[in-house]
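Data first, discussion second: the structure below is written as structure tokens.
The values are calculated or read from the model by the stated rules, or taken from the named source; none is laboratory data. From a predicted model like this one, the values you see are computed outputs, not experimental measurements. As a convention, Cβ positions derive from the backbone with ideal geometry for all residues, glycine included, and neighbour counts pool all protein chains shown. The area values use the complete protein model at the heavy-atom level, side chains included, leaving out ligands, DNA and RNA. Shrake-Rupley method; radii C 1.70, N 1.55, O 1.52, S 1.80 Å.
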Amino acid sequence: MFGSLAKVANRALVALMLLASTPSIAAAKGDSIEADVHRLRAFTLELPYIDEGFQMRNYDYGGDAIVNTMERIRLTPDLPSRMGYVWSTATLPGDYWKVDFEFKIGGKGGYLYGDGMGFFVTKERGMPGPVFGNKDYFNGLGVFFDTYPNGKHDFSVPFVMGMLGDGKTPYDGAHDGDANRLGMCEAYFRNLKQNSKASITYLKGSFVNVQLQLQPKDKWINCFTITNVTLPENSYLGFTALTGDISDNHDIIDVRAETLRPEALKNYNYMPNIPMPPMPKAATGSYFGTLFKLLLVAGVCGGLFVAYKKYSAESARRF
């Protein structure tokens, strides 16, 4: 019985700790000032993607990328040795931005497929290369949706990782970016029934935060946060993809970007919705957790003692 009571006490303690920590997360979300959000229309990509003159406004595309005005921008088809890209013609704001995009990656391969897709915010644009379709030695941010393991790891593939390029350091392609990885999460985004979504937020001098929604009804996943980040000024937004001996379709469906008005940004204290740290196990509980359990057990024992005294008194009256 006491073992069951201890379990109940432990669950109650966890609930109280979560309840106590919730306001700080809610307050961080509450800092958002919707009226001051400014949509960056120069970075919008949506159906049908091209204008009346059959031109893609605000973006260039190339390589093996194909624009399907009814469905998607296919960066690469499910064929080997293909590479494609889409790059903005304008540069993102230097202080704060948030880019939301919808994508789909998949193909006929059951066991072997690749290589993956890249999200870039860099000084250079439209320069094809081996880093998921972009040039190596890039200067800026790269977020890679990697579907093929080049080496052995203690995590599963597909995964998403972040790298900051300084223009001098190569991407460690032979080891899937082990030497460059500043943040990552496992995320099985390949061959899902519906499109997946990503949301990437940057605050100058503070952080880059990556969140994912693998399917429309799924909860958003806080993939990773890189802190103390300052990206190069006047950086372009790009989406790229690459296939080698094995392949996949890599599709971009929709892109939207926003920033904050300068006057609002001065007083804006944004905190990414980072997941709660794991709760301590019972064996390593805190002082207050131990005290809570002891008080609960003492209360139960006290109640049993009172009940026993009452029972004894009732028995004495009968005799």
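Numbers at a glance
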quantity	calculated
Scattering profile of the range 112-264 at q = 0.17, 0.19 Å⁻¹ [log10 I(q)/I(0), Debye over alpha-carbon scatterers]	-1.03, -1.31
Accessible area expressed per residue, the range 72-205, with surrounding protein chains retained (probe 1.4 Å, Å²)	40 Å²
Rounded D (µm²/s) - the range 23-181, Kirkwood Rh over Cα pairs, Stokes-Einstein at 25 °C, 0.890 mPa s	138 µm²/s
Cβ crowding within 10 Å averaged over residues, with 202-214, 138-150, 46-58, 222-234 ranked highest first	138-150, 202-214, 222-234, 46-58
Accessible surface of the range 26-128 [probe 1.4 Å, protein heavy atoms]: carbon and sulfur percent	52 percent
Over 22 Å (Cα to Cα) - which of Lys123/Lys204; Lys152/Lys217; Lys135/Lys204; Lys123/Lys266; Lys104/Lys217 fall in this group	Lys152/Lys217; Lys135/Lys204; Lys123/Lys266
Label-point separation, Ala42 to Cys185 (7 Å along Cα→Cβ), nm	3.1 nm
Apportionment of accessible area to carbon and sulfur, the range 142-203, percent (1.4 Å)	47 percent
Shape parameters for the range 79-136, alpha-carbon atoms, Rg then Dmax in Å	14.0, 43
Average accessible area per residue (Å²) across the range 212-268 - probe 1.4 Å, nucleic acids and ligands excluded	47 Å²
Length-normalised contact order for the range 163-273 - Cα pairs under 8 Å, 6+ apart - percent	16 percent
